[in-house]
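Below is one structure, written out as structure tokens; comments come after it.
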Amino acid sequence: MQTTIAQRLAQIHAEIDALHAPQNVTLIAVSKTKPASEIREAYTAGQTHFGENYLQECLTKQQALTDLAITWHFIGPIQSNKTQAIAQHFSWVHSIDRLKVAKRLNDARPDHLPALQCCIQVNISNETTKSGLLIDELEALAYAFSSFERLQLRGLMAIPAPTEDEGKQKAQFDAIKKQFDDLNTKGFALDTLSMGMSNDYTIAIQAGSNMVRIGSKIFGARA
Ligand SMILES: *Cc1c(COP(=O)(O)O)cnc(C)c1O
């Protein structure tokens, strides 16, 4: 028998609870490529945080969902020419990986909205093909946020290189957690570690993640 979105959400919450992690974990439902009707279904089941990668697709869906109190997270690669709309239509941005994008988001964030909640995306596997900032450059970008009044730096986001090897998955998450802890030791007050997707979120939570971004396990495989 096919499960519903509500049942899959309940299952994920049960799996998270069963980990007995000390931190509270926020679940972001990643709804890219999925219709507004499925977002509404998840919302009706109690899900309020949604993550999207593609600006135009998301804006269209937002217009169909204005009656819902959704917290929207932008999690996809950011082109400079999209920063204005992202700053206007999202509460969170997880994928900031360069100064120019941060500056443009700050300039475009409307005064009547709260500060944009931000994570720096780090490239933990140091793969030049991957998006995300290299570790060497992380501290400088984190310091730069202090001059952006309309942005609040909350933490780090990462998408580790895919691997079936749980030991390697854990090592990558541990490495991100170490960067996070190091920044806080240096005086930052970061409270958000955005890591873990459908295939690896339990390992990410065990490594200290407190925000998981889960798509296919809630909404089914994407075309
Ligand atoms: C698509 C996506 C996800 C969700 O991936 P699933 O494997 O479907 O859970 C999470 N984070 C980012 C940045 C994504 O692009």
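The numbers here are math on the coordinates, done by the rules we state, and not lab data. Just so you know, these numbers come straight off a predicted model, no measurement behind them. For neighbour counting, all protein chains shown are included, and Cβ atoms are generated from backbone atoms with ideal geometry for every residue, glycine included.
Ranking ALA10, GLN117, SER80 by Cα position along the charge dipole of the chain, where only Lys, Arg, Asp and Glu carry charges on their C-beta atoms, puts SER80 farthest toward the positive end. For the stretch 118-190, the calculated P(r), taken from all Cα-Cα distances in 10 Å bins from zero up to the bin holding the longest distance, is 19, 51, 25, 5, 0 percent. The simple spin-label model puts a point 7 Å past each Cα toward its Cβ; for SER131 and TYR54 those points are separated by 1.3 nm.
Largest first, the extents of the alpha carbon coordinates of the chain on the three principal axes equal 52, 42, 32 Å.
Calculated from the alpha-carbon coordinates, the stretch 157-215 shows an Rg and a Dmax of 11.2, 36 Å respectively. Candidate cross-link partners of LYS178 among the aspartates and glutamates, defined by an alpha-carbon separation under 17 Å and a same-chain spacing of 8 or more, comprise ASP136, GLU137, GLU139, ASP191. By the rule of a C-alpha distance below 28 Å, with chain neighbours fewer than 8 residues away ignored, the lysines paired with LYS177 are LYS32, LYS100, LYS103, LYS130, LYS168, LYS186, LYS217. Taking the Cα centre of the stretch 79-190 as origin and assigning +1 to Lys and Arg Cβ atoms and -1 to Asp and Glu Cβ atoms, the resulting dipole is close to 380 debye.
Stretching the chain fully between GLN63 and THR3 yields a gain of 18.8 nm (0.36 nm per residue, less the alpha carbon separation). Taking the inverse of the mean 1/r over every pair of distinct Cα atoms in the stretch 98-223 gives a Kirkwood hydrodynamic radius of 15.4 Å. Relative intensity of the stretch 21-126 on a log10 scale, I(q)/I(0) at q = 0.10, 0.15, 0.17, 0.18 Å⁻¹, equals -0.29, -0.65, -0.82, -0.90, per a Debye sum over C-alpha point scatterers of equal strength in the absence of solvent. Calculated FRET efficiency, HIS89 and ASN199, Cβ-Cβ r, R0 25 Å, to nearest 0.05? Approximately 0.30, to the nearest 0.05. Rounded to the nearest 20 debye, the dipole magnitude of the chain is 480 debye, with +1 charges on Lys and Arg beta carbons, -1 on Asp and Glu beta carbons, and the Cα centre as origin. Sorted fewest first by neighbouring Cβ atoms within 10 angstrom, LEU68, LEU151 come out as LEU68, LEU151.
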